[in-house]
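Below you'll find the structure, written out as structure tokens, and then a few comments.
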Amino acid sequence: MPGNILFALSLCRKAGALVTGFEAVKDSVFRGSAQLVLCAQDLSDGSRRRIGFVCETQDVPLYGMAETQAALAPICKKPTGVFAVTDPELARLCKKNLPAPNAPADPIRTADASADHKEERPCQ
């Protein structure tokens, strides 16, 4: 089911294929083990730019999620804004579960937040 990124990230964590936190994700990208990097909706602009630069230099796909750090906290037991998936098949699963490019806005989100995440794009 598209849009169930929380389930996909939980599977990655249980499989030992999820890296969380900015520095750990950056190290994973530079080691070549990161297959996909994901950013939370409320990640700061500075962190978003820095992880974007790291992913761009290493040619690792980077996507933004509609979920906030608080919504993602149950997966890694604390608020975290940057995730890396190290398994290629699980990375494909995560990409498939990101919101569709023209998905209707979630009525719970504010107008500004839903406008930022209507299309799948790198979080740079």
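The values are calculated or read from the model by the stated rules, or taken from the named source; none is laboratory data. In this text the structure is predicted, and so the values were computed from the model without any measurement. Don't worry about glycine lacking a Cβ; one is built from the backbone with ideal geometry, like all the others, and counts go over all protein chains shown.
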Task: Odd one out for ASP27 among (1) modelled with pLDDT of 95 or more; (2) surrounded by 20 or more Cβ atoms within 10 Å (Cβ to Cβ) - done: (2)
TODO: May I ask you to say which residue of THR86, THR57 is exposed (fewer than 14 other Cβ atoms within 10 Å of the Cβ), of a type in the set (Val, Ile, Thr) and out of contact with any Asp or Glu (no Cβ under 8 Å at 6 or more places or on another chain)?
DONE: THR57
Task: Out of ALA66, ALA71, sole residue that is of a type in the set (A, V, I, L, M, F, W, C), under 16 Å from ASN4 (Cα atoms), surrounded by 19 or more Cβ atoms within 10 Å (Cβ to Cβ) and modelled with pLDDT under 95 - done: ALA66
TODO: Note down all Cβ pairs under 8 Å where the first residue falls in the stretch 46-65 and is within 16 Å of ASP27 (Cβ to Cβ), the second is at pLDDT below 95 and of a type in the set (S, T, N, Q), and they're at least six residues apart or on different chains.
DONE: LEU62/GLN124
TODO: Could you please let me know if VAL37 is surrounded by 21 or more Cβ atoms within 10 Å (Cβ to Cβ), touching a residue at least 12 places away in the same chain (Cβ under 8 Å) and not in a helix (DSSP H, G or I)?
DONE: yes
Open item on the list: Only one of ALA24, ALA66, ALA91, ALA71 is assigned to a helix (DSSP H, G or I) and over 16 Å from CYS12 (Cα atoms). Can you tell me which?
Closed with: ALA71
- [ ] Check PHE83 against each of (1) at pLDDT 90 or above; (2) over 29 Å from GLY16 (Cα atoms) and name the one condition it does not meet.
- [x] (2)
- [ ] Can you tell me which residue among THR86, THR68 is under 11 Å from GLN35 (Cβ atoms) and of a type in the set (Ser, Thr, Tyr)?
- [x] THR86
